[in-house]
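Visitor: First the structure, which I've put down as structure tokens, then a few questions once you've had a look.
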Amino acid sequence: MQSTQRLVIVGGGMVGASLALALQGYARERQWELVLVEAFAPTSEFQPSYDARSTALSYGSRLIFERLGVWAAMAERAEPIRQIHVSDRGRFGAARLNAEEEHVPALGYVVENAWLGHCLLNALDTEVVQWRCPAQVTALTAQPSGYQLTLKEDGDDSVLHADLLVLADGGRSGLREQLGIGVRHTPYGQSALIANLTPAQPHQGQAFERFTDNGPMALLPVADNRCALVWTRPEEDAERLRTLDDRSLLAELQDAFGYRLGAIKQIGTRHIYPLALTEAEEQVRPHLVVLGNAAHSLHPIAGQGFNLSLRDTMALAGELLASETALGALAPLTAFHARQSRDQWLTIGFSDRVTRLFSNNDPLLSLGRGLGLVGLDVVPLAKHWFARQAMGLGVKHV
């Protein structure tokens with residue numbers, strides 16, 4: 001009789017919970033024990049908040065969540081992106097992508113993180129997925145048969161063995177460094193100012209990508225006629241904006257964005273995040289996978305970070321379920337990484353190039369940007385390619 005094998009996911013956020021959800025239906029059949037280790041206690045309650053942070057889900061991510069059986073619940077507070085308007089402040093040229101032309105109900109959706117977490121948590125089978133929470137992993141030891149984790153729970157230490165360990169504990173993963181996994185860290189010299197705001201006019205499902213001399217900004221449609229602002233600025237200037245009074249900040253924001261949605265009436269709590277492209281130099285080892293922001297953290301302006309991580313998650317689940325080897329064997333993990341390497345390379349490259357191109361004040365580049373936006377708007381094939389990238393449908397696997 002086959003013995004039980006244990007898959008431990010460190011990090012019970014959206015990536016870790018999605019992986020557990022993708023595997024839980026097969027766990028009993030495969031005799032897998034699924035364990036989620038999380039530092040902060042999850043809650044099944046959802047409290048709407050004006051200042052809740054949101055995630056832009058691509059249309060491809062909607063298809064994934066449909067397969068996982070959670071989209072119907074998520075859709076209750078998912079605001080569809082029906083059109084994306086791309087422009088360069090003070091220069092000619094603009095491009096418009098719309099869902100109708102791409103024959104999809106929406107190019108993407110904006111969902112509050114708290115609601116995403118609520119839906120994923122409620123979909124997990126507590127008889128299959130074991131939570132160790134609140135718990136912190138204080139030490140990892142590699143062994144021939146897997147990893148030994150030392151956990152601190154309620155002030156007490158305990159030991160947990162993992163046949164397969166998945167690190168999904170975020171971009172500042174201390175465990176990644178503890179294992180000696182190097183990180184390529186490329187600072188952009190920018191910070192993102194993130195806040196919710198309310199425009200005078202209904203957003204009608206419009207998302208805006210607006211490029212300025214000081215960095216790009218995005219306004220994404222959120223439920224209750226709010227918009228999620230992601231405003232990229234030089235680091236010192238972002239901190240200056242964070243400390244402004246609401247009236248002064250709204251005046252600068254209005255000047256940079258314009259009046260496409262009328263006057264901006266209200267802005268909520270602001271948060272500042274330094275921006276960098278971060279990539280782990282290793283994503284797989286025997287008995288180990290690095291996933292989510294611990295594997296790669298992207299600039300938020302293109303909205304691709306979580307969507308790429310979700311595709312990684314489903315690719316990993318697919319390779320594990322297709323394999324007949326023991327949990328933690330290197331072959332399926334290597335196959336997962338090979339399968340996703342092109343998607344990662346294209347998505348990370350696309351995000352990085354867009355960020356650098358539209359954060360540069362060189363006059364020739366500015367002229368090129370304007371011509372590029374005009375071309376994008378009038379050349380159907382170029383527009384279709386760009387839309388597929390935005391929808392997370394740009395890479396097909398054989």
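Per-residue answers, yes or no, for (1) more than 16 Å from Leu57 (Cα to Cα); (2) without any contact (Cβ under 8 Å) to a residue 24 or more places away in the chain; (3) assigned to a helix (DSSP H, G or I); (4) not charged (D, E, K, R):
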position	(1), (2), (3), (4)
Val86	yes, no, no, yes
Val104	no, no, no, yes
Leu120	no, no, yes, yes
Asp125	yes, no, no, no
Pro134	yes, no, no, yes
Ala139	yes, no, no, yes
Ala142	yes, no, no, yes
Lys152	yes, yes, no, no
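Visitor: Can you pull out the residues in the stretch 232-257 that are more than 18 Å from Tyr50 (Cβ to Cβ) and either touching a His at 6+ places or on another chain (Cβ under 8 Å) or touching a residue at least 12 places away in the same chain (Cβ under 8 Å) (or both)?
Guide: Selection gives Thr232, Arg233, Pro234, Glu235, Asp237, Ala238, Glu239, Leu241, Ala256, Phe257.
Visitor: Select from the stretch 167-212 the residues that are in a loop (DSSP other than H, G, I, E, B) and in contact with an Asp or Glu (Cβ under 8 Å, 6 or more places away or on another chain) and write down the one among them that is nearest to Val37 (Cα to Cα).
Guide: Ile181
Visitor: To continue, here is another question. Only one of Leu149, Leu107, Leu121 is among the aliphatic types (A, V, I, L, M), at pLDDT 95 or above and touching a Ser or Thr at 6+ places or on another chain (Cβ under 9 Å); which?
Guide: Leu149
Visitor: Let me ask you something else. For the stretch 53-79, enumerate the residues that are part of a strand (DSSP E or B) and either surrounded by fewer than 20 Cβ atoms within 10 Å (Cβ to Cβ) or modelled with pLDDT under 95 (or both).
Guide: Listed by number, the residues that qualify are Ser54, Thr55, Ala56, Leu57, Ser58.
Visitor: Name the one entry in Glu252, Glu319 that is charged (D, E, K, R) and either in the same structural domain as Leu193 (by TED's automatic domain parsing) or part of a loop (DSSP other than H, G, I, E, B) (or both).
Guide: Glu252
Visitor: Mind checking which pairs have a first residue in the stretch 342-364 that is at pLDDT 85 or above and a second that is exposed (fewer than 13 other Cβ atoms within 10 Å of the Cβ) and not β-branched (Val, Ile, Thr), Cβ under 9 Å, 6 or more apart or different chains?
Guide: Close Cβ pairs satisfying both conditions: Arg342/His397; Asp343/His397.
Visitor: Next question, about the same structure. Does the stretch 289-302 include one or more residues that are under 30 Å from Leu165 (Cβ atoms), part of a loop (DSSP other than H, G, I, E, B) and at pLDDT 90 or above?
Guide: yes
Visitor: List every residue pair whose Cβ atoms sit under 9 Å apart, with the two residues 6 or more apart in sequence or on different chains, where the first one lies in the stretch 2-14 and is in contact (Cβ under 8 Å) with a residue 12 or more places away in the chain and surrounded by fewer than 24 Cβ atoms within 10 Å (Cβ to Cβ) and the second, anywhere, is in a strand (DSSP E or B) and of a type in the set (S, T, N, Q).
Guide: Listed by first residue and then by second, the contacts come to Met14/Thr55.
The values are calculated or read from the model by the stated rules, or taken from the named source; none is laboratory data. From a predicted model like this one, the values you see are computed outputs, not experimental measurements. Glycine also receives a Cβ, built like all others from the backbone with ideal geometry; neighbour counts cover every protein chain displayed.
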